[in-house]
Amino acid sequence: MAAGARFEPDSDAGGPASSHELPLIVIEGTMPVIGQGHKPAKVVAGQLLNISSRVFCLTGGPLAVIVRWRHVDSSDGESLYMHTLGDRVWNGQIRIEKPGLHVFCIDAWIDRYAGLCLALERAMQRGESPEGLIEDALSQILQTLEFCDVERQQPLIELYQQLAILVGHEQIALLMDESTQVQMRDVQQRTCLVLSPEYPLYVTH
C-alpha cells in the first residue's frame, strides 16, 4: 500500500477476515501534485485537467479506480471513473468551474465482477466448463440486489431476468458485456477500498 494511502476495512462486509488477507493495492505517483501535496497545483477554472496515478494490486484482481474532488469548504464533491491502457497508469479528465482551493484524491478497490468475467474469459479460451463461473456471476448479481438502493434495483432485476432466459453463449455474452460490467461496477460493494491522501488544487479565473 502506498505511503499515505489508507485501507477501509468496513468497505465490504464480505471482504477479508483479517489483516493478513488484505490485498496489496498500491496508489502512487499521483499527478498533478506539488511538493508532495504541501503546495496546491494551479488550475484554470473551466479547463480540462488530467489526473493520473499509478494504481495496481500486487495480489491480483482487476481494479476499479476513481478520482474524487471537492471545494475545501464543502463535504460534497464529484467523482469520475479513471481508465488505464493496462500499464498501471490510470487517467481521468476533470473540469472544475468554481475558483478557490479544492482537494482531490484517488480511490481504488477490487472489482469482483470484473474478476469473474476475466476468469470466465480464460475458461472459455482453455475449453473449460464455464458453468461454475456463470453460477457465481448470477449469485453476485443477486447479492448486489440485497444492498443496493431502490433506484438501482430495477435495472439489476431486469438484467437478471434477461439472463435467466438465455442459455449458452448468449448468456455468457451478456454476462461479459461491457454495459453489464459497468452496471455491476457502479452498484457492487467496494471490496478492500483504499484511498490516497487528499491533494490540493488552486483554481483561478
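A few notes on this one:
- Close pairs (7 angstrom Cβ cut-off, 6 or more residues apart or separate chains): at pLDDT 95 or above in region 11-39, of a type in the set (S, T, N, Q) and part of a helix (DSSP H, G or I) anywhere: none
- So Q143, is it assigned to a helix (DSSP H, G or I) and either modelled with pLDDT under 95 or in contact with a Leu (Cβ under 7 Å, 6 or more places away or on another chain) (or both): yes
- Residue in region 75-86 that is more than 30 Å from Y113 (Cβ to Cβ) and either modelled with pLDDT under 95 or surrounded by fewer than 16 Cβ atoms within 10 Å (Cβ to Cβ) (or both) present: no
- Restricting attention to region 153-201, the residues that are surrounded by 14 or more Cβ atoms within 10 Å (Cβ to Cβ) and touching a residue at least 12 places away in the same chain (Cβ under 8 Å) add up to 29.
- Exactly one residue out of V55, V65, V43 is surrounded by 14 or more Cβ atoms within 10 Å (Cβ to Cβ), more than 16 Å from L195 (Cα to Cα) and among the aliphatic types (A, V, I, L, M), and it is V43.
- Condition check for E128: more than 28 Å from S79 (Cα to Cα) and not in a helix (DSSP H, G or I): yes
- Being aliphatic (A, V, I, L, M), more than 29 Å from E170 (Cα to Cα) and out of contact with any Gly (no Cβ under 6 Å at 6 or more places or on another chain) is a property that I134 lacks.
- Verdict on T180 being part of a helix (DSSP H, G or I), out of contact with any Lys or Arg (no Cβ under 7 Å at 6 or more places or on another chain), β-branched (V, I, T) and under 30 Å from L49 (Cα atoms): yes
- Among the residues listed as L120, L138, L133, the single one being surrounded by 14 or more Cβ atoms within 10 Å (Cβ to Cβ), out of contact with any helix residue (DSSP H, G or I) (no Cβ under 6 Å at 6 or more places or on another chain) and either at positive phi or assigned by TED's automatic domain parsing to the domain that holds V167 (or both): L138
The values are calculated or read from the model by the stated rules, or taken from the named source; none is laboratory data. On a predicted model such as this, the values are computed, not experimentally measured, just so you know. Counting neighbours? That spans all protein chains shown, and the Cβs are built from the backbone with ideal geometry, glycine included.
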